[in-house]
Amino acid sequence: MQPVACFQNRLERICGKKMEEYWQKVEAAAGFLLRKIGRPPKVGLMTGTGLGRSLSALETVFAVDYKDIPGFPVSTVTGHAGRLRAGSLGGKPVVAMEGRFHLYEGYSPKEVAFPVRVMQAMGVGTLILTNAAGGLNPDFSAGDIMIIRDHINLTGENPLVGKNDDRWGIRFPDMTGIYTPALAEMALQASVEKGISVKEGVYIGVKGPSLETPAETRFIKMIGADAVGMSTIQEVIAAVHAGMHILGLSAISNINDPDRPAPVTLEEIVRAAENAADDLAAMITVITERMDA
């Protein structure tokens, strides 16, 4: 066998083994949760920094810390409780994450997307994600909620890199319709009914943990972003690969103005997100009530 072919075969065996180990961890976590919950969830919820209270309407029947779920990563960031809850919301069986994982914590893209794969294995068909994001659009204000219509991946990472398993999704998933229009329309209607200030726009994901320089802010505005954050992208790519319906909601925590830059701290971002949590809870409840999940 030629050296190149030998190397390729060895690489395929290594990648295949790693992928198989990954899926075994996914299925172990999903099996553990399904045994505890009993009723397979149809809707998955993932909350961002300071947004745990957006799950206040969830009628919880089971809760567990991430560290007690087989193979699960652990949240290390302030504002992320690190707890999974299951129960009923809007009459739908739901599994919800209070806190998520980030590339900047040192997790790989596949580890960041691990909870989405667990949800996929449990039978979740609709995923609702929330995050705290810096506003870039001059028409936005801190406290607004932005319905994500599209995104830009500037993390330089992708959870689908490596050997693909066709049982879990196709090799090259189409990304032209990431966020489900019907769910976005439900979110708009819910905001009108609840009197909540809502915007729509493009979310751009960066790796972090350093915040943007004024020059970087000008650049990401120039390429079409309305809000910027350090999460969501890896999970959404995995959810598209899994064939899920997706809704993304950003709580605008501050406004990034490159011409008048102002320092911002994590504590300020958490406080702003917490202030938006009740509005998100109201919207998510209405949405889950009306969706066919």
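The values are calculated or read from the model by the stated rules, or taken from the named source; none is laboratory data. All values derive from a computational prediction rather than experimental measurement. In this analysis, Cβ positions are derived from the backbone assuming ideal geometry, glycine residues included, and neighbour counts consider all displayed protein chains.
Of all residues in region 112-170, those satisfying the criterion of being closer than 24 Å to Lys18 by Cβ and among the acidic types (Asp, Glu) are Glu157, Asp165, Asp166. Is it true that some residue in region 263-278 is more than 29 Å from Arg171 (Cβ to Cβ), at pLDDT below 85, β-branched (Val, Ile, Thr) and touching a Ser or Thr at 6+ places or on another chain (Cβ under 7 Å)? Looking for residues that are more than 29 Å from Arg171 (Cβ to Cβ), at pLDDT below 85, β-branched (Val, Ile, Thr) and touching a Ser or Thr at 6+ places or on another chain (Cβ under 7 Å), one finds at least one in region 263-278, hence yes. Considered as a group, the residues in region 108-134 that are at pLDDT below 95 and not β-branched (Val, Ile, Thr) include one that is farthest from the chain's Cα centre (by Cα), and that residue is Gly134. With respect to (1) of a type in the set (Val, Ile, Thr); (2) over 19 Å from Gly135 (Cβ atoms); (3) in contact with a helix residue (DSSP H, G or I) (Cβ under 7 Å, 6 or more places away or on another chain), the lone exception for Val228 is condition (2). Hey, can you tell me all the residues within region 251-271 that are in a helix (DSSP H, G or I) and surrounded by 20 or more Cβ atoms within 10 Å (Cβ to Cβ)? Across region 251-271, the qualifying residue is only Ile269. Using the structure shown, decide if Ala282 is touching a residue at least 60 places away in the same chain (Cβ under 8 Å) and either under 15 Å from Leu45 (Cβ atoms) or surrounded by fewer than 16 Cβ atoms within 10 Å (Cβ to Cβ) (or both). Criteria met by Ala282. Filtered by the rule that a residue be touching a helix residue (DSSP H, G or I) at 6+ places or on another chain (Cβ under 7 Å), modelled with pLDDT under 95 and farther than 21 Å from Leu103 by Cβ, region 146-167 gives a lone residue, Asp165. In summary, Gly123 fulfils each of the numbered conditions (1) in contact with a Gly (Cβ under 9 Å, 6 or more places away or on another chain); (2) farther than 20 Å from Lys207 by Cα; (3) of a type outside the set (A, V, I, L, M) with the single exception of condition (1).
Only one residue in Gly31, Gly48 is closer than 27 Å to Gly243 by Cβ, at pLDDT below 90 and surrounded by 14 or more Cβ atoms within 10 Å (Cβ to Cβ). Which one? Spell out the reasoning first.
On the way: Gly31 fails: at pLDDT below 90.
Criteria check complete, one pass: Gly48.
Residues of region 242-266 that are small (Gly, Ala, Ser) and in contact with a helix residue (DSSP H, G or I) (Cβ under 9 Å, 6 or more places away or on another chain): Ala242, Gly243, Gly248, Ala251, Ser253.
Go through region 172-214 and give me each residue that's of a type in the set (Lys, Arg) and within 21 Å of the chain's Cα centre (by Cα).
Taking region 172-214 and keeping what is of a type in the set (Lys, Arg), we get 194, 199, 207.
Of everything in region 172-214, those that are of a type in the set (Lys, Arg) and within 21 Å of the chain's Cα centre (by Cα) turn out to be Lys199, Lys207.
For region 108-122, the tally of residues that are more than 14 Å from Ala28 (Cβ to Cβ) and either among the small types (Gly, Ala, Ser) or touching a strand residue (DSSP E or B) at 6+ places or on another chain (Cβ under 6 Å) (or both) stands at 3.
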